[in-house]
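A.B. asks: I have a structure I would like to understand better, so I am pasting it below and will then ask my questions one at a time.
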Number of protein chains: 4
Amino acid sequence: MNQPRIGVVGATGYAGVELIRILSRHPLLKITYLAAQKLEQSETYGHKISAFRQFGELPALEPFDLERCLDLCDLVFLALPSGISGRLALQIHHAGKKVIDLSGDLRLPKEVYESWYGLASPLTQKDTHAVYGLSDWQAEQIANQSLISNPGCYATAALLSLLPLCQTKLVESQSVWVVDAKSGSTGAGKSPQPHLLLSELSNNFYPYRVGCHQHTPEIEQKLQEESKQADLQIQLTTQLLPIPRGILVSAYIPLCSTISFTDLYEIYQNAYHDTPFVSILPCGEWPQIQSVLGANTCHIALHVDNRTQMLQIFAVIDNLQKGAAGQAVQNMNLMLGWPMETGLSLIGSAP
Amino acid sequence: MNQPRIGVVGATGYAGVELIRILSRHPLLKITYLAAQKLEQSETYGHKISAFRQFGELPALEPFDLERCLDLCDLVFLALPSGISGRLALQIHHAGKKVIDLSGDLRLPKEVYESWYGLASPLTQKDTHAVYGLSDWQAEQIANQSLISNPGCYATAALLSLLPLCQTKLVESQSVWVVDAKSGSTGAGKSPQPHLLLSELSNNFYPYRVGCHQHTPEIEQKLQEESKQADLQIQLTTQLLPIPRGILVSAYIPLCSTISFTDLYEIYQNAYHDTPFVSILPCGEWPQIQSVLGANTCHIALHVDNRTQMLQIFAVIDNLQKGAAGQAVQNMNLMLGWPMETGLSLIGSAP
Amino acid sequence: MNQPRIGVVGATGYAGVELIRILSRHPLLKITYLAAQKLEQSETYGHKISAFRQFGELPALEPFDLERCLDLCDLVFLALPSGISGRLALQIHHAGKKVIDLSGDLRLPKEVYESWYGLASPLTQKDTHAVYGLSDWQAEQIANQSLISNPGCYATAALLSLLPLCQTKLVESQSVWVVDAKSGSTGAGKSPQPHLLLSELSNNFYPYRVGCHQHTPEIEQKLQEESKQADLQIQLTTQLLPIPRGILVSAYIPLCSTISFTDLYEIYQNAYHDTPFVSILPCGEWPQIQSVLGANTCHIALHVDNRTQMLQIFAVIDNLQKGAAGQAVQNMNLMLGWPMETGLSLIGSAP
Amino acid sequence: MNQPRIGVVGATGYAGVELIRILSRHPLLKITYLAAQKLEQSETYGHKISAFRQFGELPALEPFDLERCLDLCDLVFLALPSGISGRLALQIHHAGKKVIDLSGDLRLPKEVYESWYGLASPLTQKDTHAVYGLSDWQAEQIANQSLISNPGCYATAALLSLLPLCQTKLVESQSVWVVDAKSGSTGAGKSPQPHLLLSELSNNFYPYRVGCHQHTPEIEQKLQEESKQADLQIQLTTQLLPIPRGILVSAYIPLCSTISFTDLYEIYQNAYHDTPFVSILPCGEWPQIQSVLGANTCHIALHVDNRTQMLQIFAVIDNLQKGAAGQAVQNMNLMLGWPMETGLSLIGSAP
């Protein structure tokens, strides 16, 4: 009855719709505010309408207005583009509301952000970045917070793959870890661009932002923190898959000492034994994107190559669930003191 | 606590897995028996395993055994191929259990079945076919039954499109109604055939079983019953879409008297005002397969063409939900006296 | 050495690039002029560049300029949007050059055009439409022309399917022929629109422009001409397939007298015995889009349904080849007195 | 008139059909023999028929017979599975005919082959492997040969990417080079397997044969030869894309000395200046699979990451063209003394 009032700003984008999809089935809250930065005039083929119709009764979609937002919400999800989102997040937070920002704006210190994003950071020089909402890794740190910066989709898959290594002696900090990442097209958003047309992408696959993807520093920052090795670097490559959803990350790490699959498997099992959302696959089984579509889960597989002394780690997530809206709701659950799986799905939707 | 015990036979096929997907979230029952006709020896790439892993605790999959099935179940879903399923359904039913048969075996009188399916019918000459589980059309007839024959996927979409016309004076019985139907590939099942490979189908589209698809008599039988016009015929064409899920049916009916869109819309609204699962789209909006993926819903659009005196009706469903497992669970809900939407979703999963 | 100089205006669209693809391998001509209506400033991901790079040496792409065009070309292909193309076509033609217009602007008399397209026709009231370049049907009429209006993609598939019926006594003019058509996404062009994104279309399928598609009058006009039945109508429905290329048309025609498959097959064989590009499939075989991808071919299948007295005809083409650029080059071959298959392919590219 | 007589054994597989596609347009030869290992009884949906129909007149397909093959052919392409192909290749070669073997059987010394393939090698201990047909790298070595082992699809993309590095001082031999490779589904062949169904693969992506793909030793062998560094290793990962055709390889190589993009670009340009089929993309442009579909080309992009001292190389090919049939025809051209581009295409077929 006295349920928290939840708002979603950026409600018409892919992450916004996925948030509404999850929140509208969540048993402990009510959606009270839906806003979009600006409302598009011409919605061809009724896409916006059909996307919302399935959810039944919802508040009417509004252009964003700070006063209305503060009046109507106890907690606000911001699913807006980087460059816009962080500033609003700080305003809403300063007004005493809980905020989960899905953009990249609050994930990095001012200088690092500005150099990788080419945008002005909403943070001051003294601010550190906001608490990082990698919910399966650090549930405790998130529990008491009122401002969470939700991780990037690639960063979530990469960090869940790599963080358990950071506390081992298996790896040398001076080596560069290769993170070869592939994502479905919803990761590129809903605004129409030629290279995202089905005509261009459906028989295609290609890398983009080689050497300069903005999730790179977010991953390195967290790996450096956890490993206490400030020179640890990754080589992140992002590539576009001809499917709407899903991320697969293939990571390659040179080993400096040997380890058996069994021992490594145990390290990973221990790292995630408190979360139902991360599964470590048995030896010789490899993750498939379709296994996690529609679910807030991450599947990780490990391979120790004795021939080459190389460690390979694969992880799959649904970029809109664990990579965006699902993890954001998991963070909300933690912030509001609820069981973290409330309203989230372990069961996928494929085929 | 005293929840009905539910079995699924044919648990590894696409309809079987979708049944488990729905039943494992259903609040009022427990799954107690999972069987497959024969267990495949070689499951390459762990597909079977990954398909089941998401559901958490399930009974172990067994080869089908009648005794075990009767011991362990109060109600059984049969998701087996036509030619095998009906005989088992009758056996289980005669032993006093409730049964929902997803095959085509019990949908037609003996002679009609044998002529269209080329298989021996499990029914005797005197038997009529089982009660037809078109749950959004005839909830009352299903409510007290213990043996339900679940409609075919194409038949569900076609009948929900066409049945409201049967009680009007708009159409002449002697004309043939065109039903141009398109389905995703899961409708063709999981056993590997060359024409279902992604290499063959992904840039492709084609008709199959032209003039002889086995859902034809099932649709005609029901239309004739409801219209009381024994000579009503349809021309059903089935075509394979390069997507896993979804059916779109385009129907064309010559009008013998004029009607406005508004009046027609009202006829359809009235026909389905008791079910949350069927939506009639507003004038000028056309249904999209993606709008119903993952949901037990059917979207119908109407077009009265004044230029040609032709009526067009479009309907979309998810072939594994409303076209198979979803409707089967809806039938179960009706048979067991529960609200018919229990455990079923109005919210889809796309994109 | 004294090869005709060929220009392509609208060279960056899908039909334009396909024209260059074909023309650059054509042995009897040289490409001397490539223009686009306006040159896009921002070509993301180098699509324009990569599309042209494969062709080796080409004239530099220019903004369209009438003088330059007339100076540099003997024959010009116009692959521009309707509403713009026809006016330029008439100008270039009046200046004494040969023109093939791929738009819909010159296919219909002024009033019909304006009512279906909602645009001003470039023709005067007295003008008839230009000669219709359905090259496999009327090679002789095209041979001496200097201005050809290239048929629409849907119209090509529909007309090749239906025209051989027009001279028979099989069909009643007062009935409406159903043409249920499905097309890949390149038919919708290259300018980015939300509903054409892979994220929206890849698991989708839906009708559009129901009852008002602008290819309707073009098909009816030709059928009426050939059958001499002015009241013949079609019900055209266009639907979008989640693939880049290809059209399949399913036509349904009530028969007023019986005919065997063999006799019908012979009618169709005779109709197309002079062209290598149209094949009539043997009894019981159905056309597949993948069979014609990359080729200038049309595959037609026939089904006489004795149960319903309905005739079904299926046809597949590649919308960018036979449905646009391939047929345009075939028309050019006819206009220039060359064998009509010169430079065109019977061999496809799938899978 | 006195054209070489060419046979294709394994003519119904994807590489076999692609060979016929290319050979049937080749101006200097005639196809005289088409055989398949065994002829399938049940060709559903007429796939075999439709695949061949486009090619016009062809010799009738036969079960393979050595005598017939030797009688009818001057040069034979073998597109058969590894384990069968090599033995036949040696027999045909010993009988004095020219042979191009597309299988892996003759690419590796006996022991290496047997350990990676798990099959008996047709070579003796003393035999070296056959001449390796990497035609863009070593045209001269191929020119005089009568037995060529055609490279694997992944190996072709990887080696064209990496070989130019081998003669530089940029890289340390003791490091492991990461080769993260992705392929379309035709690489997995035409025999139906559950994981290759469109229903399973179309929204999917996953690694397979991690750490044990049989193209690994073929790549290492060649790199070691050219670099004279016997300890050079690669970490090859192969992953299945939800598209029929195309390979993209992403390679990561730690640099031991710095180099500018310009200097590296020049090294690559020089390495391939004699072949029209390999293009090095300008700085900041990344290869797309769709750019090479249907063409015998390879596009390579280079990235020197100054931040991490890592070199990244991307390459795309069409696995059935440059990765199989196209390169095989290029090898034939070299063996028969023809210009190596005869009958091969630089122009692709996408979209």
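A.B. asks: Taking the stretch A:120-147, which residues are of a type in the set (Ser, Thr, Tyr), closer than 18 Å to A:Gln91 by Cβ and at pLDDT 95 or above?
C.D. replies: Hits for the stretch A:120-147 are A:Ser121, A:Ser146.
A.B. asks: Now for a separate question. Go through (1) in contact (Cβ under 8 Å) with a residue 60 or more places away in the chain; (2) more than 29 Å from C:Ile148 (Cβ to Cβ) one by one and return the number of the condition C:Thr308 breaks.
C.D. replies: Exception for C:Thr308: condition (1).
A.B. asks: Next question. Please enumerate the residues belonging to the stretch B:93-141 that are buried (at least 19 other Cβ atoms within 10 Å of the Cβ), assigned by TED's automatic domain parsing to the domain that holds B:Leu19 and of a type in the set (Asp, Glu).
C.D. replies: Result: B:Asp101, B:Asp105.
A.B. asks: Suppose we filter the stretch C:75-84 for residues that are within 9 Å of C:Pro122 (Cα to Cα) and buried (at least 19 other Cβ atoms within 10 Å of the Cβ); how many remain?
C.D. replies: Looking only at that region, the number is 0.
A.B. asks: Here's something else I'd like to know. Kindly indicate the residue of the stretch C:41-95 that is of a type in the set (Gly, Ala, Ser), modelled with pLDDT under 90 and part of a helix (DSSP H, G or I) and also farthest from the chain's Cα centre (by Cα) among those meeting that condition. Quick ask: steps written out before the conclusion?
C.D. replies: Keep residues of the stretch C:41-95 that are of a type in the set (Gly, Ala, Ser), which gives C:42, C:46, C:50-51, C:56, C:60, C:79, C:82-83, C:85-86, C:89, C:95.
Those left that are additionally modelled with pLDDT under 90: C:42, C:46, C:50-51, C:56.
When the remaining residues are screened for being part of a helix (DSSP H, G or I), the result is C:46, C:50-51.
Numbers: C:Gly46: 28, C:Ser50: 25, C:Ala51: 22 Å.
Per the stated criteria, the residue is C:Gly46.
A.B. asks: Oh, and also: Criterion first (facing another protein chain (nearest Cβ under 7 Å) and under 23 Å from the mean Cα position of the chain (by Cα)) does A:Gln221 satisfy it?
C.D. replies: Taking the combined requirement at face value, the residue does not satisfy it.
A.B. asks: Can you pull out every residue in the stretch B:122-143 that is in contact (Cβ under 8 Å) with a residue 12 or more places away in the chain and not hydrophobic (A, V, I, L, M, F, W, C)?
C.D. replies: Within the stretch B:122-143, B:Pro122, B:Thr124, B:Gln125, B:Asp127, B:Thr128, B:His129, B:Tyr132, B:Gly133, B:Ser135, B:Asp136 meet the criteria.
A.B. asks: D:Ser191 fails exactly one of the following numbered conditions: (1) over 24 Å from A:Gln233 (Cβ atoms); (2) crowded, with 19+ Cβ neighbours inside 10 Å; (3) of a type in the set (Ser, Thr, Tyr); (4) within 20 Å of the chain's Cα centre (by Cα). What is the number of that condition?
C.D. replies: All conditions pass for D:Ser191, except number (2).
A.B. asks: Say whether the condition of being touching a strand residue (DSSP E or B) at 6+ places or on another chain (Cβ under 8 Å), β-branched (Val, Ile, Thr) and either outside the structural domain of A:Ile280 (by TED's automatic domain parsing) or modelled with pLDDT of 95 or more (or both) is met by at least one residue in the stretch A:184-203.
C.D. replies: Checking the stretch A:184-203: not a single residue is touching a strand residue (DSSP E or B) at 6+ places or on another chain (Cβ under 8 Å), β-branched (Val, Ile, Thr) and either outside the structural domain of A:Ile280 (by TED's automatic domain parsing) or modelled with pLDDT of 95 or more (or both).
A.B. asks: Considering only the stretch B:142-252, give the strands (runs of 3 or more DSSP E) lying wholly within it that have at least 1 residues that are within 29 Å of B:Leu336 (Cα to Cα) and of a type in the set (A, V, I, L, M).
C.D. replies: Answer list for the stretch B:142-252: B:147-149.
A.B. asks: Oh, and also: Does A:Gly133 satisfy the condition of being of a type in the set (Gly, Ala, Ser), under 30 Å from A:Pro276 (Cβ atoms) and within 14 Å of another protein chain (Cβ to nearest Cβ)? Break it down stepwise before answering.
C.D. replies: Numbers: of a type in the set (Gly, Ala, Ser): yes; under 30 Å from A:Pro276 (Cβ atoms): yes; within 14 Å of another protein chain (Cβ to nearest Cβ): no.
Against the criterion (of a type in the set (Gly, Ala, Ser), under 30 Å from A:Pro276 (Cβ atoms) and within 14 Å of another protein chain (Cβ to nearest Cβ)), A:Gly133 does not qualify.
A.B. asks: Checking the conditions here, which among D:Ala315, D:Ala350 is more than 14 Å from chain C (Cβ to nearest Cβ), crowded, with 21+ Cβ neighbours inside 10 Å, of a type in the set (Gly, Ala, Ser) and not in a helix (DSSP H, G or I)?
C.D. replies: Details: D:Ala350 fails: more than 14 Å from chain C (Cβ to nearest Cβ).
When all the criteria are applied, what remains is D:Ala315.
A.B. asks: Looking at the stretch D:1-30 only, could you name the residues that are away from chain C (no Cβ under 12 Å) and of a type in the set (Ser, Thr, Tyr)?
C.D. replies: D:Thr12, the sole residue that qualifies.
A.B. asks: Of the residues that make up the stretch C:265-286, is at least one of a type in the set (A, V, I, L, M) and free of Cβ contacts under 8 Å to residues at least 24 places away in the same chain?
C.D. replies: Yes; the residues of the stretch C:265-286 include at least one that is of a type in the set (A, V, I, L, M) and free of Cβ contacts under 8 Å to residues at least 24 places away in the same chain.
A.B. asks: Is there a residue in the stretch B:322-332 that is in a strand (DSSP E or B), at negative phi and either more than 14 Å from chain A (Cβ to nearest Cβ) or among the β-branched types (Val, Ile, Thr) (or both)?
C.D. replies: Among the residues of the stretch B:322-332, not one is in a strand (DSSP E or B), at negative phi and either more than 14 Å from chain A (Cβ to nearest Cβ) or among the β-branched types (Val, Ile, Thr) (or both), which makes the answer no.
A.B. asks: On to the next question. Could you list, in sequence order, all residues of the stretch A:14-38 that are in a loop (DSSP other than H, G, I, E, B) and crowded, with 21+ Cβ neighbours inside 10 Å?
C.D. replies: The answer is A:Leu29, and nothing else.
A.B. asks: Related question: With respect to B:Met340, determine if the residue is surrounded by 20 or more Cβ atoms within 10 Å (Cβ to Cβ), more than 10 Å from every other protein chain (Cβ to nearest Cβ) and not acidic (Asp, Glu).
C.D. replies: yes
A.B. asks: Would it be correct to say that C:Leu201 is over 18 Å from the mean Cα position of the chain (by Cα), more than 13 Å from every other protein chain (Cβ to nearest Cβ) and not acidic (Asp, Glu)?
C.D. replies: no
A.B. asks: Answer yes or no: is there a residue in the stretch A:102-120 that is within 21 Å of A:Leu344 (Cβ to Cβ) and not in a helix (DSSP H, G or I).
C.D. replies: yes
A.B. asks: Here's something else I'd like to know. Just to be sure, is D:Thr168 in contact (Cβ under 8 Å) with a residue 60 or more places away in the chain and within 14 Å of chain B (Cβ to nearest Cβ)?
C.D. replies: no
A.B. asks: Hey, can you tell me all the residues within the stretch D:259-300 that are part of a loop (DSSP other than H, G, I, E, B), more than 13 Å from every other protein chain (Cβ to nearest Cβ) and out of contact with any strand residue (DSSP E or B) (no Cβ under 8 Å at 6 or more places or on another chain)?
C.D. replies: D:His273, D:Asp274, D:Thr275
A.B. asks: Right, something else. Would you call B:Asp231 farther than 29 Å from B:Ile347 by Cα, more than 12 Å from chain D (Cβ to nearest Cβ), among the acidic types (Asp, Glu) and in contact (Cβ under 8 Å) with a residue 24 or more places away in the chain? Full working, then the answer.
C.D. replies: Details: farther than 29 Å from B:Ile347 by Cα: yes; more than 12 Å from chain D (Cβ to nearest Cβ): yes; among the acidic types (Asp, Glu): yes; in contact (Cβ under 8 Å) with a residue 24 or more places away in the chain: yes.
Against the criterion (farther than 29 Å from B:Ile347 by Cα, more than 12 Å from chain D (Cβ to nearest Cβ), among the acidic types (Asp, Glu) and in contact (Cβ under 8 Å) with a residue 24 or more places away in the chain), B:Asp231 qualifies.
The values are calculated or read from the model by the stated rules, or taken from the named source; none is laboratory data. Keep in mind it's a predicted model, so treat the numbers as computed, not measured. All Cβ positions, even for glycine, are placed from backbone atoms using ideal geometry, and neighbour counts span all protein chains on display.
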